[in-house]
Amino acid sequence: MSSGFEESTKSASSSSGNSSNNGAADFECNICYDLARDPVVTLCGHLFCWPCLYRWLHRRSRSRGCPLCKALVEEQKLVPLYGKGRSVTDSRMEIPPRPSGQRPQTVVEEELEAPRDIHVLDVRLEIDQPIEEFRAVAEQRFNEYIDERIQEYRAVVEQHIREQIDQRIEEYRVSIEQRFNESIDQRIEEYRAASGV
């Protein structure tokens, strides 16, 4: 039983006349049409060799447009593609190193920075404090904390219920007004029909 991925690669290799290039055309530079060296992708989605694109932007083009679609290309917004190979940009080529990628936050960093709804009860046991007294203070603070959370929850629920009631009242008012107007219009029509107006 073959997976969908295997089938798609088989059909891709059989449809391209040359099975040794197996998708290599997808990684060709859109300027030199060779396998991209130090590949970079523009924000408009086009792939180029870094040396080719650098020369295009700095020597051949007065505008800073993409060679294919003319979208604005900014070097600091290029996305480098990294593979297993080493960089081929040589300092003798008078081309600076390829722009580095803009690394987004990791999942762990994002979780650490995310605001948390954690409440801490700061109750400390003093050295000479009797355990029963400590227990009473801790219990009192805990009860105060619970009461505060209940009040917060109650306020949110009451606000939600108030909004729902207001919405229902408005819908009811509109419905009654509509029925009243329909009834008035009907009576007027009946009166006109009866009086021949």
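Flag set for Leu78, criterion: under 23 Å from the mean Cα position of the chain (by Cα) and at pLDDT 75 or above.
Taking the condition at pLDDT below 90, open to solvent by less than 100 Å² (accessible area, probe 1.4 Å) and more than 35 Å from the chain's Cα centre (by Cα), does Ser183 pass? When the stated conditions are applied, Ser183 does not pass them.
Of all the numbered requirements in (1) modelled with pLDDT of 90 or more; (2) of a type outside the set (Phe, Trp, Tyr); (3) open to solvent by 90 Å² or more (accessible area, probe 1.4 Å), Glu170 misses one, and that requirement is (3).
Filter segment 81-120 for residues that are polar (S, T, N, Q) and at pLDDT below 60 and give the result. Those that are polar (S, T, N, Q) and at pLDDT below 60: Thr89, Ser91.
Among the residues of segment 32-67, those identified as at pLDDT 85 or above, surrounded by fewer than 19 Cβ atoms within 10 Å (Cβ to Cβ) and assigned to a loop (DSSP other than H, G, I, E, B) are Cys32, Tyr33, Asp34, Arg37, Leu43, Cys44, Gly45, His46, Pro67.
The values are calculated or read from the model by the stated rules, or taken from the named source; none is laboratory data. All values derive from a computational prediction rather than experimental measurement. Glycine also receives a Cβ, built like all others from the backbone with ideal geometry; neighbour counts cover every protein chain displayed. Just the protein is used for accessible areas: all its heavy atoms, side chains included, with ligands, DNA and RNA removed. Shrake-Rupley method; radii C 1.70, N 1.55, O 1.52, S 1.80 Å.
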